[in-house]
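Beneath this line is the structure, given in structure tokens, with notes to follow.
The values are calculated or read from the model by the stated rules, or taken from the named source; none is laboratory data. Treat the numbers as computed from the prediction; the structure is a model and nothing was measured. For neighbour counting, all protein chains shown are included, and Cβ atoms are generated from backbone atoms with ideal geometry for every residue, glycine included. Remember, those area values only see protein heavy atoms, side chains included, never the ligands or the DNA or RNA. Shrake-Rupley method; radii C 1.70, N 1.55, O 1.52, S 1.80 Å.
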Amino acid sequence: MPLPDKNGYFGVYGGRFVPETLMPALEELETAYYEVREDQSFINNLQYFLKNYAGRETPLHYAENLSKRLGGGKIYLKREDLNHTGSHKLNNALGQALLARRMGKKRLIAETGAGQHGVATATVAALLGIECEVYMGAEDIQRQALNVFRMELLGTKVIPVHTGSATLKDAINEAMRDWVTNVDNTYYLLGSVVGAHPYPMMVRDFQAVIGQEVKEQILAQEGRLPHHLIACVGGGSNSMGLFYPFLEDAGVKMWGAEAAGRGLSSREHAASLSAGRPGVMQGSYGYLMQDKDGQVEVAYSISAGLDHPAVGPEPSYLKDSGRASYLAISDEEALEAFRLLSRCEGIIPALESSHAVALAVQLAPQLPNDEIMVINISGRGDKDVQQVAAIMEQGGVINGH
Amino acid sequence: MGISRIADTFVANKQAGRKSLIVYISAGDPSLKATASLVKQLSAAGADIIELGVPFSDPVADGPVIQAASYRALAAGASLSKIIQMASALRKETQIPMVLMSYYNPLLRYGLANLAADMDKAGVDGLIVPDLPWEESQPLREALARYQLAGIPLIAPNTPVPRLIRIAASASGFIYCVSLTGVTGIRQNITTGIQEYMERVRAVSDLPIGVGFGIGSPEQASSMAPFCDGIIVGSAVVHTLYEEGEAAVIKLVKRLKQAI
């Protein structure tokens, strides 16, 4: 049976844990989404923009140098970094913005951490001529000044969030408060497979184009399915986009790379699957970093896009069912992978995607040479070069927030 | 006591021709000791039911005033278990109905069965959970029902009638009607058509109706009182306590009670 079920559950995970005011809005959204999912004119319209605006399909590149260097398996890179705006985030932003327009919503709101989802949302808002406001933690605004400028250039208002830890989780809280207040005319364009039903399903579906393309491309290039899929996991959107079309293919193993930050024992990490326990935050039940009283802990990662204490319900379900395996990758391992991919392949990956590359570095040497591995390069690293340069200048000492 | 202690309060006020005043405070802000003392003073000043707000790290249904109070309470060491212990001690000194208002995760972490048992032992009468809609609330409702504790649901102005009927059918204690679409916090104007809204709820339930969110002044309380059974005031009380201290809160509560 396809998941989620009609109540938005993936096994025990998911559901809808929101204020009553949002329940009618979520039901309206769910109904509208089920309609467009079957509507050929909507699908054609989305495909038009994915092809001619986003630049899809993105290439699947055989990373011969990296494969030889790691000495096990054939490694392919799915180049989501070549998507317009520089990451996979646009796939979902386009789908949801077209849905918002169809629903007659006059205003988009979104949250952003590193700024990638904020930029993608600001981009589609400009394209479709819809008013847009993006909530961003004050800490993240400091760390990601370039993306703030991009959003403003695109005509979006960036609203700083000073409450709590002033990072992504607080930006989501503030976006939810805005939505509760302006629920009549506003569409909340959530950026990951998190939150209340139908968001985890809908965002996954809009990102599934990644895995669908990989399937066609690898069959064309290799004539067989891959043995391993690897993606980084913050909320989980790029990993679900890659994994979902392969869930029924029993021979395909799936690996998610979480952020171990300064190490799981340091308490400074963002590894909710490896070190958290299930709980409810921001609309759904899933793995969550929390203390003994159920208070949500502040996450840390060198990568702002993975720096979040919760993960979506579907990755939570895939962990428990054993369908996917999740490993935690430290800041240092991610930084090494960042340099390795840059030098081996001439591709500078986002620090988020560098976690996936680092997992491949661990896995590849154990594999037979004929096994195929696909790594999702979810975004490009241009946004991170200043931060990494500063770290290298300090001789590899990694400073967070 | 649970449901019956709440029901008795609404009945007594109704018989006296008054509305009930439900006062929310952020438990543990500035300290649990101060909260315990405040509850007794509020009761003497005319509060009929006390909502003890349990602080949470991510209070999505709250505006800036209660958010800030939650963070102060957490920083001062408040937790669900300590709040229940405080209530247990208080119950020896006051018979005022006390309900907890908490986000769902701290309750889940405590364990729903343990929570209901401990609330019962402590003399806490009910529970309001702002991020737990009806569809997800069955496990909690069942746990509370074992001890005749009130599971008080929230209704919003945009709740469609079929939902309203489902929610009302499983409610106990009273029905908490959110006065506007928005988060907690004082508003100058509440534009919702309260009379029509209350009539809609009244048509599907015999339970007392409390109205809250946005109400800060005796004038606002007085204008809404004719259409409901109880007025809920939170942010105005929390704000006054923080800015002006206990004496000012007591004065505000007396004026609110007189107005309804």
ask   = Considering only protein heavy atoms and a 1.4 Å probe, what is the carbon-and-sulfur percentage of the accessible area of the range B:3-259?
value = 53
note = Listed residues B:179, B:102, B:81; largest mean-square fluctuation, Gaussian network over chain B with Cα springs below 10 Å, found at B:81
ask   = Using a 1.4 Å probe, what is the accessible area per residue for chain B, in Å²?
value = 37
remark   = If the label point sits 7 Å along Cα→Cβ of residue B:200, residues of the range A:27-56 with amide N under 20 Å come out as A:27-31
query = What shape does the range A:257-401 have by the C-alpha gyration tensor, where a ≥ b ≥ c are the square roots of the eigenvalues, rounded means a/c under 1.5, and otherwise prolate means a/b greater than b/c and oblate the rest?
reply = oblate
query = Simple spin-label model, 7 Å along Cα-to-Cβ: residue A:65 to residue B:33 in nm?
reply = 6.7
remark   = Within the under-11-Å Cβ sphere about residue A:257, not counting residue A:257, Lys/Arg +1 and Asp/Glu -1 give a net charge of -3
remark   = Magnitude of the Cβ-charge dipole (Lys and Arg +1, Asp and Glu -1) of chain A about the Cα centre, nearest 20 debye, reported as 460
ask   = Does a label point 7 Å from the Cα of residue A:216, set along Cα-to-beta-carbon, have any residues of the range A:33-59 with amide nitrogen under 20 Å, and which are they?
value = A:37-59
ask   = How much net charge surrounds residue A:161 when only other residues with a Cβ under 11 Å from its Cβ are counted (Lys, Arg +1; Asp, Glu -1)?
value = -4
query = Once a ≥ b ≥ c are taken as the square roots of the eigenvalues of the Cα gyration tensor of the range B:3-259, is the result rounded (a/c under 1.5), prolate (a/b larger than b/c) or oblate (a/b not larger than b/c)?
reply = rounded
query = Which sequence of B:118, A:331 reflects their accessible areas, 1.4 Å probe, from the largest down?
reply = B:118, A:331
Cα-only radius of gyration and Dmax that characterise the range A:206-295, units Å = 16.1, 52
task = Using R₀ = 30 Å, calculate the FRET efficiency as 1/(1 + (r/R₀)^6) where r is the Cβ-Cβ separation of residue A:53 and residue A:343; round to 0.05.
result = 0.40
inquiry  = I'd like the distance separating the alpha-carbon centroids of the range B:22-85 and the range B:200-240, in whole Å.
reply    = 19
query = DSSP loop GluC sites (Glu not before Pro) in the range A:231-286 with at most 15 other Cβ atoms within 10 Å of their Cβ, which ones?
reply = A:248
key: Largest-first ordering by accessible area, 1.4 Å probe, given options B:192, A:31, B:94   = A:31, B:192, B:94
message = Run the paramagnetic zone check for residue B:81: 7 angstrom along Cα to Cβ, then residues of the range A:273-308 with backbone nitrogen under 17 Å.
response = A:290-296
inquiry  = Probe radius 1.4 Å, ligands and nucleic acids ignored: give me the carbon and sulfur share of the accessible area of the range A:252-401 as a rounded percent.
reply    = 46
inquiry  = Projecting each Cα onto the charge dipole of chain A (Lys/Arg +1, Asp/Glu -1 at the beta carbon, about the Cα centre), which of A:136, A:368, A:95 comes out farthest on the positive side?
reply    = A:368
query = So for the pair residue A:249, residue B:16, with labels modelled 7 Å out along Cα→Cβ, what separation do we get in nm?
reply = 7.3
request  = Determine, from the Cβ-Cβ distance of residue A:12 and residue B:114 and an R0 of 22 Å, the FRET efficiency 1/(1 + (r/R0)^6), rounded to the nearest 0.05.
outcome  = 0.65
inquiry  = Please compute the average number of Cβ atoms from other chains found within 10 Å of each residue's Cβ in peptide A:171-177.
reply    = 4
Total accessible area lost when B and A pair, probe 1.4 Å, Å² to nearest 100 = 2700
task = Take the Cβ-Cβ distance between residue B:189 and residue A:265 as r, set R0 to 60 Å, and report the resulting FRET efficiency rounded to the nearest 0.05.
result = 0.70
message = Whole-Hz ³J(HN,Hα) for each residue in the range B:225-232, computed from phi via Karplus 6.51 cos²θ - 1.76 cosθ + 1.60 with θ = phi - 60°, x for glycine and proline: what do you get?
response = 3, x, 9, 9, 9, x, 10, 10
note = From the Cα centre of the range A:224-242 to that of the range A:27-50, the distance in Å is 24
remark   = Label model pair residue A:142, residue A:128: point-to-point distance (7 angstrom along the Cα→beta-carbon line) in nm is 3.5
inquiry  = Quick check: from the Cα gyration tensor, does the range A:98-170 come out rounded (a/c under 1.5), prolate or oblate?
reply    = prolate
ask   = What number comes out for the charge environment of residue B:122, summing +1 per Lys or Arg and -1 per Asp or Glu over other residues with Cβ under 11 Å away?
value = 0
inquiry  = Taking only Cα atoms of the protein assembly as shown, what ratio of Rg to Rh do you get with Rh as the Kirkwood inverse-distance radius?
reply    = 1.01
